[in-house]
1. It is to be established whether one or more residues within the stretch 174-182 are modelled with pLDDT of 85 or more, closer than 24 Å to Ala411 by Cα and not acidic (Asp, Glu).
2. In the stretch 239-314, which strands (runs of 3 or more DSSP E) lie fully inside it and hold 1 or more residues that are surrounded by fewer than 20 Cβ atoms within 10 Å (Cβ to Cβ) and polar (S, T, N, Q)?
3. Kindly indicate whether any position in the stretch 222-237 is within 22 Å of the chain's Cα centre (by Cα), closer than 15 Å to Leu286 by Cα and open to solvent by 10 Å² or more (accessible area, probe 1.4 Å).
4. Name the single residue that is nearest to Asp176 (Cα to Cα) among those in the stretch 83-105 being among the acidic types (Asp, Glu) and part of a helix (DSSP H, G or I).
5. Considering only residues that are open to solvent by less than 30 Å² (accessible area, probe 1.4 Å), part of a helix (DSSP H, G or I) and either within 16 Å of His255 (Cα to Cα) or modelled with pLDDT under 95 (or both), which ones fall in the stretch 189-207?
6. Please indicate, with yes or no, whether at least one residue in the stretch 202-222 is among the polar types (S, T, N, Q), closer than 30 Å to Ile402 by Cα and free of Cβ contacts under 8 Å to residues at least 24 places away in the same chain.
7. As an exercise: evaluate Phe373 against (1) open to solvent by less than 20 Å² (accessible area, probe 1.4 Å); (2) without any contact (Cβ under 8 Å) to a residue 60 or more places away in the chain and give the number of the one condition it does not meet.
Amino acid sequence: MRTGLKRWWELGQVARASTRLRRGSRPQDAERARHELAQRLLGLRGLPQKVGQVLTLAELGADTPGFGSLAEAPSPLDPEAALAEVSRRLGRPWREVFKSLEGAGIAASLGQVHRGVLHDGRTVAVKLRHPGIAEAVRGDLRALGWLAAPLGGWRGKLDLSAYRHELARMLQGELDYRHEAQALRDAGTRMAEVPGAVIPVPVDELTREDLLVMTWVEGASLAEGWRWSEADRRALSTTLVRLFLHGCFTWGALHADPHPGNYRVSRGPDGKPVLGVLDFGCVKTLPPELPVGLGRLITLLNCPSTPPRPEQLLSAWVMLGFAPELLEPMAEALPAVSRVLLEPFLLDQPFHARSWRLGERLTEALGPHRWNFRAAGPASLLFVLRAFHGLVRHLDVLDAPIAWGPLLDEACAPSLPPPPSPSEAPVEGTARYLKVQVTEGGRTRVALTFRADVTAHLEDLLPEDLPRKLAARGVDPTAIGIAAVAAGLRPSELFHLDEGRRRVRVWLE
């Protein structure tokens, strides 16, 4: 119990260090806070370090990356203890299996990797799961209340339990190295015909749930590729994009752990650049509707002579798993939003990641609907977006733009399905939307627009603390929603609540 409480306390220290980093106004203060946060994340391993590895993507190409230690760091076990663990997990002395094995390893979030040589001469990577990490990860997943933070305690249509389940499922898979060995075998078969890419090959007879032996992939860090010629960087960029597009449209599986420590660059016997891809513990199997929905969006947007209708784009986003009741109210914004998000897939010329300005342009395209779009997305896209974000960051660092179109054709993206039938027009005098707005000190904290027909479930769409406060004032949101439906969903204010600087307003429009 004390171990669990200690870890929870340490997670609290991570949260405080993160707050200091956000608030640091002077460069030296921010640097100290960044170093403290990196050290705390590194010390906790497991899920916190996984979060930290995502931060390394934002520092690619930096001269002094503050979170670089989270990608590759010294192993927490001393050399003798590490070698003893390998022997214990093999069930025999390690010298019976290896001609040599380095006791000092490189640690990641869930395990550490040691270089060794088998008696048959093969150089291998020996991946050793951290002792006790499985229990720590399970404890961290129980502590995931902070996943509510992006929407400030909002329940509504953002299914936080679905995000926790998705994260837990992927992490549990990463903890079983037999799962990763199978993923390596599958990826080896798929990637055999991809030029310029190499991955490890598992040594099955030596692999256990907590021990993975695989061939060693030589090379320097991906950041080193930035110093290569433009032609070489373009070749590496092409391989990265090809792997992503084939993962989406050909294989139905994505390498979804794109932090910098999982890539190596080298040259093949012919002198051409080779991209080594490591760590296949986190491979996202894609639902069949994802390539169809994504292919539909790309095809619709690639027809300049017949601009897509909002309802066509809405249908494609819903196919991807987005909640229709949240997207329908912002349908008119979907053409602009879709073009910004999918720009790399649509350009005839090479895509420049550095000039994309995704955040700025997406905010402009969404306008008042940013909360709707954020809440409408499904948890099933969490790791797909992670893979896409990592890809774009790596392309940014390599700075050798390439055109995605030919690679997209090569990956056999699905063609356009038939368009959906047009939706029925609303009855005259009936509200089309249910709107919920939370302001604090005059600033909008939450602004969501739903289809009006979800008013019957009004209580489920409110911030978690609100129904109790309304009940204390004799206001029953369930009864209000039912009454509004019975009255024909006429445009009107349903209720408002003022609490000092905070104001909540709910109305039909």
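The values are calculated or read from the model by the stated rules, or taken from the named source; none is laboratory data. Not measured: the values here are computed from a predicted model. All Cβ positions, glycine included, derive from the backbone under ideal geometry; neighbour counts span all protein chains shown. Calculation scope for accessible area: heavy atoms of the full protein, side chains included, ligands and nucleic acids excluded. Shrake-Rupley method; radii C 1.70, N 1.55, O 1.52, S 1.80 Å.
1. First, pick out the residues of the stretch 174-182 that are modelled with pLDDT of 85 or more: 174-182.
In the following step, the residues that additionally are closer than 24 Å to Ala411 by Cα were identified as 182.
If we keep only those that are not acidic (Asp, Glu) too, we end up with 182.
Yes - at least one qualifying residue is present in the stretch 174-182.
2. Working: elements: 253-255, 263-267, 273-277, 283-285.
It comes to 263-267, 283-285.
3. Looking through the stretch 222-237, none of the residues is within 22 Å of the chain's Cα centre (by Cα), closer than 15 Å to Leu286 by Cα and open to solvent by 10 Å² or more (accessible area, probe 1.4 Å).
4. Glu85
5. Result: Met191, single match.
6. no
7. (1)
For every residue, the table says whether it meets (1) at pLDDT 85 or above; (2) crowded, with 20+ Cβ neighbours inside 10 Å; (3) not in a strand (DSSP E or B).
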| site | (1), (2), (3) |
| --- | --- |
| Leu385 | yes, no, yes |
| Leu391 | yes, yes, yes |
| Gln437 | no, no, no |
| Thr449 | no, yes, no |
| Glu464 | no, no, yes |
| Ala483 | no, no, yes |
